[in-house]
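Peer 1: I have a structure here, written as structure tokens, and I will follow up with some questions on it.
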Amino acid sequence: METEYYFISDLHIGGDAGLGECEFEAELIEFLQQLDRYARGAAAAVELVLLGDTFGFWELTGVHGPAMVDRIAADHPAIFGQFKETGRHVRITVTAGNHDHDLACEAEFVAKLAEYNMVLEQDYAITRSCGGRKIWVEHGNQHDSFNRFEPWHDPHANPVGYFITRKLVRAAAERSTLGKRDWLVDMEAVNPSENVPNWLLSNYFYREMHPVLRYIALPFLLFTGISLLIFLGTMLESFSLVPTTIFRDEWLYRAPLLGTPIRYFVALNLSALLVVLIVAVPVWILIRDFRRTLERYELRFTSRKRQQKDKRYLDAAAEVFRANPDVAVFVYGHTHNPSLTVLDGRAVINTGTWLKRLTRLRSKWTLVPDVYYPSFRIGYFRVYSEPGGIVIERYAIPKQVERELTALQRLLTLRRRAVDTTRIPARFVLSDRRDATPTQ
């Protein structure tokens, strides 16, 4: 009997303090219920594969071993109750990721997850048959130097990412309620994680800075570019480098009542800007050198770094395809960025995450901090065979974020949204002839 496969990953259920909250609980339960109803009447077998980071073991302290599952199940009884119910008719396969790597290390986890009708497979990668070909499934963290386990089944082989999560992310979540708004708990939602320093600066300005200071500084931050334009324009006209008299005409300062305040404001802003420029050169040299150091340690995000990261997984998929000619689909998660890529007539799927995503919206104003826009991009991939090929379908699950931006952030992002440029076709067919034909 053929099997229909459903793939999701990176649920990150569980953790201390605010990290233990599950913002997509209703959507996950509804998805499991729908899958359960479908499986009861389906002609084919149905398997749901949770390919890693299903649980937030790294974010959890005080308990160890299989007791971590009990702790998380106690915090989320509705989710685990639905896993158990859906698992009566759907095979629910669980593999380990980096955040729940303990699953791959202790045999006791097999029996523990079986209590909720979940089947744990402890190998790093698993394969499934589909239409006479194979689907390769892995979490993907072994291609990430910060989150690689060597060897895979070693419970003590904790990578750098483990210590960052245990010390930084968990500590931030525990102290999140001390702030003016409960925002530190979203540290794991910053995408990519290299943007965390900029995100901290953004939240200090928009959430933690005293309102009086913020609104005193805001006009200077907003109009620095305008003041600089006036200064440069005046200099160019004064030295006859441009044939205009727009800036020297002082039309801006002749407005009734507002002319004099505008003159003093521009003068004050330019004075502040001059001070900044005086120290800008040595500071720029230091920052430039520091950024290069961060890039060497892969701690700074650039478009080039994103391309390099994506290439790691495409290279890994290409290696699997070369070593296993019968593999038609390579499925992974870990990076939290859903995608579907065709590689030499075969498919590479990234399942994304169900966590909230904070996407950086760069400020249009000169010195005003960027805004991190919250959104969800949850969903699942369905893979099955039909006469002529393997079908890959992507289903999005709509979810809105509760209003959490400040009034100033909403104003600065008016008519702007965090647009994800990654487009995934709703339906994609891998032909038996080894040529891929996408159809919407």
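Peer 1: Filter segment 183-203 down to the residues that are hydrophobic (A, V, I, L, M, F, W, C) and in a helix (DSSP H, G or I), then identify the one that is farthest from T335 (Cα to Cα).
Peer 2: My answer is L201.
Peer 1: With respect to L340, determine if the residue is in contact with a strand residue (DSSP E or B) (Cβ under 7 Å, 6 or more places away or on another chain), surrounded by fewer than 20 Cβ atoms within 10 Å (Cβ to Cβ) and either modelled with pLDDT of 90 or more or part of a strand (DSSP E or B) (or both).
Peer 2: Yes.
Peer 1: Suppose the filter is at pLDDT 80 or above, farther than 30 Å from G132 by Cβ and either among the small types (G, A, S) or buried (at least 17 other Cβ atoms within 10 Å of the Cβ) (or both); does L411 pass it?
Peer 2: no
Peer 1: Any chance segment 87-109 includes a residue that's acidic (D, E) and farther than 19 Å from E121 by Cβ?
Peer 2: Checked segment 87-109: no residue is acidic (D, E) and farther than 19 Å from E121 by Cβ.
Peer 1: Name every residue in segment 156-170 that is of a type in the set (G, A, S) and within 20 Å of the chain's Cα centre (by Cα), in order of residue number.
Peer 2: Residue satisfying the conditions is G161 alone.
Peer 1: Tally up the residues in segment 1-23 that are part of a loop (DSSP other than H, G, I, E, B) and either without any contact (Cβ under 8 Å) to a residue 60 or more places away in the chain or charged (D, E, K, R) (or both), please.
Peer 2: Within segment 1-23, residues that are part of a loop (DSSP other than H, G, I, E, B) and either without any contact (Cβ under 8 Å) to a residue 60 or more places away in the chain or charged (D, E, K, R) (or both) number 7.
Peer 1: Farther than 19 Å from F7 by Cα, acidic (D, E) and either surrounded by fewer than 16 Cβ atoms within 10 Å (Cβ to Cβ) or touching a residue at least 40 places away in the same chain (Cβ under 8 Å) (or both): does that describe E138?
Peer 2: No; evaluated as a whole, the condition is false for this residue.
Peer 1: Still on this structure, please answer the following. Check F330, F376 and return the single one that is more than 23 Å from Y124 (Cα to Cα), crowded, with 16+ Cβ neighbours inside 10 Å and modelled with pLDDT of 90 or more.
Peer 2: None of the other options fit; the residue is F376.
Peer 1: Next question. So, in segment 24-51, how many residues would count as being among the aromatic types (F, W, Y) and outside any helix (DSSP H, G or I)?
Peer 2: Within segment 24-51, residues that are among the aromatic types (F, W, Y) and outside any helix (DSSP H, G or I) number 1.
Peer 1: Out of G87, G132, I need the residue that is closer than 21 Å to R382 by Cα and modelled with pLDDT under 95. Which one?
Peer 2: Exactly one residue qualifies, and that residue is G132.
Peer 1: I'd like to check something: does segment 86-99 contain any residue that is more than 23 Å from Y332 (Cα to Cα), free of Cβ contacts under 8 Å to residues at least 12 places away in the same chain, part of a loop (DSSP other than H, G, I, E, B) and assigned by TED's automatic domain parsing to the domain that holds V383?
Peer 2: No, that holds for no residue.
Peer 1: Follow-up question, since we're still on this one. For segment 57-72, what are the residues that are out of contact with any Gly (no Cβ under 9 Å at 6 or more places or on another chain) and part of a helix (DSSP H, G or I)?
Peer 2: Answer for segment 57-72, where residues must be out of contact with any Gly (no Cβ under 9 Å at 6 or more places or on another chain) and part of a helix (DSSP H, G or I): A67, D70.
Peer 1: Still on this structure, I have one more. Can you tell which of V137, V63 is among the aliphatic types (A, V, I, L, M) and more than 24 Å from the chain's Cα centre (by Cα)?
Peer 2: That would be V63, the only listed residue that is among the aliphatic types (A, V, I, L, M) and more than 24 Å from the chain's Cα centre (by Cα).
Peer 1: For segment 211-219, indicate whether the set of residues that are touching a residue at least 24 places away in the same chain (Cβ under 8 Å) and surrounded by 18 or more Cβ atoms within 10 Å (Cβ to Cβ) is non-empty.
Peer 2: Looking through segment 211-219, none of the residues is touching a residue at least 24 places away in the same chain (Cβ under 8 Å) and surrounded by 18 or more Cβ atoms within 10 Å (Cβ to Cβ).
Peer 1: Could you list, in sequence order, all residues of segment 342-384 that are closer than 30 Å to V137 by Cβ and among the polar types (S, T, N, Q)?
Peer 2: Hits for segment 342-384 are N350, T351, T353, T359, S375.
Peer 1: Return a yes/no flag: does segment 356-366 have any residue that is surrounded by 14 or more Cβ atoms within 10 Å (Cβ to Cβ), over 23 Å from the mean Cα position of the chain (by Cα) and at pLDDT 85 or above.
Peer 2: Checked segment 356-366: no residue is surrounded by 14 or more Cβ atoms within 10 Å (Cβ to Cβ), over 23 Å from the mean Cα position of the chain (by Cα) and at pLDDT 85 or above.
Peer 1: Could you tell me whether G233 is surrounded by 13 or more Cβ atoms within 10 Å (Cβ to Cβ), at pLDDT below 70 and part of a helix (DSSP H, G or I)?
Peer 2: When the stated conditions are applied, G233 does not pass them.
Peer 1: Let me ask something else. Filter segment 19-60 down to the residues that are within 21 Å of the chain's Cα centre (by Cα) and surrounded by fewer than 19 Cβ atoms within 10 Å (Cβ to Cβ) and list them by number.
Peer 2: Correct list: G20, E21, E23, E25, A26, E27.
The values are calculated or read from the model by the stated rules, or taken from the named source; none is laboratory data. Just so it is clear, the model here is predicted, and its values are computed rather than measured. Cβ coordinates were reconstructed from backbone atoms using ideal geometry, including for glycine residues, and neighbour counts include every protein chain displayed.
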